[in-house]
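Below: the structure, in structure tokens.
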Amino acid sequence: MTLRARLFLAFLALALVPTALLTAFTLDRLGRSLQLWNTPGVDQSLDAALEVSKTAMARLEATAHAQAADWAMALSPGGLLTPARRTAVRAGLRASGLDFLQLYHRDSTRWRLAEEVLPEDVLAPHPLDLASDLDDALASGRTIHSARGALAAAARIEGDHGRHPWALTAGMRVPPDFFTRVDQVGRGVGFYRRFGVLRDVSRTYWGLLVVALVLTLTAVALVAATRLARSMTRPLRELEGALERVAAGELETRVATTGPRELAALGERFNTMTARLLAARTALAEAERQAAWREVARRLAHEFKNILTPMSLSLHRLRRREPQVPDEHRAAVADSLAAMEQALGDLTRLAEQFSQYARLPEPRFERLDLAEVARDAARLHEPERVTVVVTPAGGPLPVSADRLLLSRAVHNLLLNACEASPDGATVEVRALREGHDATVEILDRGSGVAPEIRDRLFEPYASTKARGSGLGLSLVRDIAEQHGGRVTLTDRLGGGAIARLSLPRLDAAAVRPPGTA
Ligand SMILES: Nc1ncnc2c1ncn2[C@@H]1O[C@H](COP(=O)(O)OP(=O)(O)O)[C@@H](O)[C@H]1O
Ligand SMILES: [Mg+2]
């Protein structure tokens with residue numbers, strides 16, 4: 001499994017496990033609390049209570065109606081309450097469990113309570129006037145439910161009462177809030193039923209809500225996990241790609257060093273590593289090139305010497321026989337011999353240069369005064385056709401160097417300067433201290449550096465001279481590098497060139513030149 005997939009799964013798990021736990025807990029709690037709303041038996045009890053109250057009411061109403069009808073029949077026609085009838089009614093009330101019988105008489109405007117009969121031994125409370133309910137009850141045949149505390153049936157008393165009829169009510173006293181209570185039971189049951197439906201609906205609703213929430217959270221977690229995993233693995237993927245490119249030889253490959261500190265540090269190390277690899281490869285290539293050039297030089301020198309040695313011997317033999325040449329030809333022969341000796345000398349020097357370049361010896365370092373080395377080298381060139389002027393350094397310039405190699409380097413630079421200068425010109429040699437370095441400057445008033453060779457001055461075999469080997473500056477550079485120094489050749493202001501050879505100075509602090517332990 002890839003790192004990215006692992007990170008992705010880890011982040012996802014991290015986000016989803018708590019969500020899942022929370023969901024399970026919430027759903028469980030929700031289920032329990034909904035369950036609590038619906039305690040088993042509550043609806044049965046409510047139903048039973050409703051049933052009981054309805055039945056009781058129905059029976060009371062039936063009794064009231066039956067008695068009211070009986071008494072209405074008994075009291076008509078015209079026969080209102082005679083003492084005997086009143087006694088009978090009292091007994092009837094007691095027997096039927098009713099609390100009162102009321103007679104109403106209607107005058108021109110409304111019903112008026114005419115008399116109330118109560119069971120025997122009952123103290124008469126303040127009579128309850130039901131006149132206002134009477135019309136309704138008579139018309140509809142319904143029982144009077146008076147909020148003032150009575151349940152009563154009404155009946156018309158038939159008879160020839162003319163325009164002023166009689167009616168009666170029979171019923172019982174109830175607590176004033178009796179009907180409200182009964183209604184409340186009915187309403188409670190209805191509410192409880194509706195509540196059951198509501199509960200089922202809300203269970204579904206909450207379930208759906210939780211599912212939607214979980215789905216949303218999952219989607220968010222998926223997106224976040226993908227992003228996070230991708231952003232965390234991106235630098236690693238970049239590094240992987242860069243490593244592949246490096247493995248394929250692209251040592252110039254670099255990675256970004258931004259992002260989290262550890263990854264940035266990794267990127268920096270990677271970049272340092274590739275930079276070092278590149279430097280090593282360049283150095284190796286350079287070393288290989290130099291080795292190849294040296295091999296060429298070695299062979300050339302060998303071939304040259306193979307030819308030059310017998311030539312030099314032959315020339316020597318010819319020279320010895322010169323006196324035997326007839327007088328008239330002797331001068332011409334001597335001229336030719338001199339020319340040949342001159343050419344041979346040139347070629348021998350060339351071969352010597354090749355050979356020197358091919359066998360650059362390991363330096364033997366010793367403490368030397370660069371100013372003195374420069375002065376000695378200049379002295380060798382004094383008898384030439386140019387004047388060499390040495391500007392004193394004003395004190396020794398101690399360097400750690402191989403005497404032979406160092407003077408060979410200065411000598412080569414001087415040679416080039418003299419070769420570049422016209423007859424009778426002056427070449428100046430200056431030794432000076434520069435920061436941590438000791439420097440020899442060789443200044444001439446020659447032609448200056450030829451543009452076509454400017455970029456290849458220090459390459460072997462790069463020369464603008466007809467008989468040039470092109471090995472002089474290459475040798476100087478190698479020697480300078482062996483000594484931890486450097487060499488440059490630039491145009492001089494006002495014409496000519498300046499060659500500068502710098503080596504680390506021994507009396508300069510903090511610099512450790514080669515060959516010093
Ligand atoms: N002092 C100088 N002034 C102008 N050109 C120079 C000078 N020194 C070197 N050069 C140029 O650098 C080339 C390479 O020099 P070098 O390596 O010594 O080889 P060679 O002297 O055999 O040509 C020369 O051919 C010349 O063109
Ligand atoms: Mg040269």
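The values are calculated or read from the model by the stated rules, or taken from the named source; none is laboratory data. Everything numeric here is computed off the predicted structure, so don't read it as measured data. Here the Cβ is made from the backbone with ideal geometry for all residues, glycine too, and neighbour counts use every protein chain on show.
For the reader, a short list of remarks on this structure follows.
- Applying the set (1) crowded, with 18+ Cβ neighbours inside 10 Å; (2) modelled with pLDDT under 90; (3) near ligand 1 (Cβ under 8 Å from one of its atoms) to Asp444 leaves exactly one unmet item: (2).
- Among the residues of the range 343-363, the ones that are free of Cβ contacts under 8 Å to residues at least 40 places away in the same chain and within 14 Å of Ala401 (Cα to Cα) come to 1 in all.
- Each residue in the range 62-117 was checked for being surrounded by 17 or more Cβ atoms within 10 Å (Cβ to Cβ), more than 18 Å from Arg173 (Cβ to Cβ) and hydroxyl-bearing (Ser, Thr, Tyr), and 1 of them qualify.
- Residue in the range 450-463 that is out of contact with any strand residue (DSSP E or B) (no Cβ under 7 Å at 6 or more places or on another chain), in contact (Cβ under 8 Å) with a residue 60 or more places away in the chain and near ligand 2 (Cβ under 10 Å from one of its atoms) present: no
- Extreme residue, farthest from ligand 2 (Cβ to nearest atom), among residues of the range 474-485 that are touching a strand residue (DSSP E or B) at 6+ places or on another chain (Cβ under 7 Å) and not basic (Lys, Arg): Gly484
- Any hit, the range 492-504, residues being on the phi > 0 side of the Ramachandran plot and buried (at least 20 other Cβ atoms within 10 Å of the Cβ): yes
- Every residue from the range 344-357 that is of a type in the set (A, V, I, L, M, F, W, C) and within 16 Å of ligand 2 (Cβ to nearest atom): Leu347, Leu350, Ala351, Phe354
- His483, sole failed condition from (1) more than 8 Å from ligand 1 (Cβ to nearest atom); (2) more than 22 Å from Glu362 (Cβ to Cβ): (2)
- Some residue of the range 423-445 being within 16 Å of ligand 2 (Cβ to nearest atom), out of contact with any strand residue (DSSP E or B) (no Cβ under 6 Å at 6 or more places or on another chain) and aliphatic (A, V, I, L, M): no
- Neighbours by Cβ (under 7 Å, 6+ apart or cross-chain): first from the range 382-393, at pLDDT 80 or above; second among the acidic types (Asp, Glu) and surrounded by 13 or more Cβ atoms within 10 Å (Cβ to Cβ): Val389/Glu428; Thr391/Glu428
- Scanning the range 409-441 for residues that are within 12 Å of ligand 1 (Cβ to nearest atom) and in a helix (DSSP H, G or I) gives Ala409, His411, Asn412, Leu413, Leu414, Leu415, Asn416, Ala417, Cys418, Glu419, Ala420.
- Checking each residue in the range 385-408 for being over 29 Å from Glu362 (Cβ atoms) and either part of a strand (DSSP E or B) or within 14 Å of ligand 1 (Cβ to nearest atom) (or both) picks out Val386, Thr387, Val388, Val389, Val390, Thr391.
- Options Ala48, Ala69, Ala15: the member that is under 30 Å from Phe100 (Cβ atoms) and either among the small types (Gly, Ala, Ser) or in contact with a Phe, Trp or Tyr (Cβ under 8 Å, 6 or more places away or on another chain) (or both): Ala69
- The set of residues in the range 401-420 being more than 13 Å from ligand 2 (Cβ to nearest atom), in contact (Cβ under 8 Å) with a residue 40 or more places away in the chain and of a type in the set (Gly, Ala, Ser) consists of Ala401 alone.
- Just so you know, in the range 389-415 the residues that are polar (S, T, N, Q) and out of contact with any Phe, Trp or Tyr (no Cβ under 7 Å at 6 or more places or on another chain) include one that is surrounded by the fewest Cβ atoms within 10 Å (Cβ to Cβ), and it is Thr391.
Residues are listed down the side, and each one gets a yes or a no for (1) at pLDDT 95 or above; (2) of a type outside the set (D, E, K, R); (3) surrounded by 18 or more Cβ atoms within 10 Å (Cβ to Cβ):
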{"position": "Ala450", "(1), (2), (3)": "yes, yes, no"}
{"position": "Tyr461", "(1), (2), (3)": "no, yes, no"}
{"position": "Lys465", "(1), (2), (3)": "no, no, no"}
{"position": "Gly468", "(1), (2), (3)": "no, yes, no"}
{"position": "Leu471", "(1), (2), (3)": "no, yes, yes"}
{"position": "Ala480", "(1), (2), (3)": "yes, yes, yes"}
{"position": "Thr490", "(1), (2), (3)": "yes, yes, no"}
{"position": "Leu506", "(1), (2), (3)": "no, yes, yes"}
{"position": "Ala510", "(1), (2), (3)": "no, yes, no"}
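- Flag for Glu434 being under 60 Å from the mean Cα position of the chain (by Cα) and surrounded by fewer than 15 Cβ atoms within 10 Å (Cβ to Cβ): yes
- Test: residue in the range 229-244 that is in contact with an Asp or Glu (Cβ under 6 Å, 6 or more places away or on another chain), modelled with pLDDT of 85 or more and surrounded by 15 or more Cβ atoms within 10 Å (Cβ to Cβ): no
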